[in-house]
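This report refers to the structure that appears directly beneath it.
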Amino acid sequence: MKKQLGLGLILATAMMANVQAADKPVRLASDFTYPPFNYKDADGTPKGFDIEIADALCQEAKLDCVWVTQSWDGLIPSLLARKSDAIMASMRITEERKQRVLFTDKYYQTPARFVARNDAEISIDKSGLEGKKIGVQLGTIHDRYVTDMYGDVAKIQRYTGQDEVYLDLSTGRLDAAFGNSDQLALAFLDKEQGKDFEFVGEAVTDKAYIGEGTALALRKTDKALAEKFNKAIQTIRENGTYDRIAGKYFKFDIYGE
């Protein structure tokens, strides 16, 4: 009898633990330095395309989601250390990252490009970039690309936030910057700060660097949670929610092919 009671207590405790785990909020991590995708307003409230898409996904999947702030280079280490449950920060799907994390289906896809002052006459090749200062966000695919392609001739300046790249570019401390074409256009070229700048060179679409799209990143063991997000991504694409949100931010198809 005592054994049965003991077993019953153990089962009840396990069931309660599962209920508590199920009710635990899903912690979404971002660095909030990447407008119009993810940033914070003057009150510290998360804003942007990533934020609204995440809210729609969590609502569709019936998940209680909360935001946590983490520097870009600490996003994956923090996830693996269980300080967050998913990264929602415009992170590209790359083969290198797939060795460490589990990605959902993409929720958008864009190429990358260089930006420079419109009278700079910079050519995007090793001779044209020799000795030039190129700004990128630290630890990103853009950092890796310019380092691999031009690191032996150019001076690569790395920043913790994309907004810092724009500040130094606009004040002449950089000769060029490299990043997502859509973000460069919306957060810099379309602003007063970027009125004297333009895209230079061809769009970079090499999947070895640019990846297969932008997605949420989770721990490899969290396949069930990833599947919930995947189903939610499909649903908001089909029911018009995705297009409604995207239309608030972009005048082009951000989802891509």
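The values are calculated or read from the model by the stated rules, or taken from the named source; none is laboratory data. Computed from a predicted structure; not experimentally measured. Positions of Cβ are backbone-derived with ideal geometry, glycine not excepted, and every protein chain shown enters the neighbour counts.
When we screen 64, 41, 85, 50 for residues that are at pLDDT 95 or above, out of contact with any Phe, Trp or Tyr (no Cβ under 6 Å at 6 or more places or on another chain) and surrounded by 18 or more Cβ atoms within 10 Å (Cβ to Cβ), the only hit is 85. Counting just the residues of region 153-172 that are over 16 Å from the mean Cα position of the chain (by Cα) and either polar (S, T, N, Q) or assigned to a strand (DSSP E or B) (or both), which one comes out nearest to residue 118 (Cα to Cα)? This residue is 170.
Tallying residues that are surrounded by fewer than 17 Cβ atoms within 10 Å (Cβ to Cβ) and modelled with pLDDT under 95 within region 203-244 yields 6.
The rows are residues; the columns are (1) surrounded by 23 or more Cβ atoms within 10 Å (Cβ to Cβ); (2) of a type in the set (D, E, K, R); (3) in contact (Cβ under 8 Å) with a residue 24 or more places away in the chain.
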| position | (1), (2), (3) |
| --- | --- |
| 97 | no, yes, yes |
| 121 | no, yes, no |
| 130 | no, yes, yes |
| 142 | yes, no, yes |
| 148 | no, yes, yes |
| 155 | no, yes, yes |
| 162 | yes, no, yes |
| 191 | no, yes, no |
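Which residue is farthest from the chain's Cα centre (by Cα), if the candidates are limited to region 200-218 and must be touching a residue at least 60 places away in the same chain (Cβ under 8 Å) and in a helix (DSSP H, G or I)? So, considering only residues that are touching a residue at least 60 places away in the same chain (Cβ under 8 Å) and in a helix (DSSP H, G or I), the one farthest from the chain's Cα centre (by Cα) is 208.
The numbered conditions (1) among the charged types (D, E, K, R); (2) surrounded by fewer than 22 Cβ atoms within 10 Å (Cβ to Cβ); (3) within 25 Å of residue 213 (Cα to Cα) are all true for residue 125 except (3). Residues in region 173-229 that are outside the structural domain of residue 104 (by TED's automatic domain parsing), out of contact with any Lys or Arg (no Cβ under 6 Å at 6 or more places or on another chain) and of a type in the set (S, T, N, Q): 180, 183, 193, 205.
Residue count for region 70-98, restricted to those that are part of a loop (DSSP other than H, G, I, E, B) and either closer than 21 Å to residue 227 by Cβ or of a type in the set (Val, Ile, Thr) (or both): 5.
Listed here are the residues, each with its yes/no results for (1) in contact with an Asp or Glu (Cβ under 9 Å, 6 or more places away or on another chain); (2) assigned to a helix (DSSP H, G or I); (3) closer than 30 Å to residue 219 by Cα.
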| site | (1), (2), (3) |
| --- | --- |
| 100 | no, no, yes |
| 105 | no, no, yes |
| 124 | yes, no, no |
| 134 | yes, no, no |
| 145 | yes, yes, yes |
| 149 | no, yes, no |
| 174 | yes, no, no |
| 179 | no, no, yes |
| 198 | no, no, no |
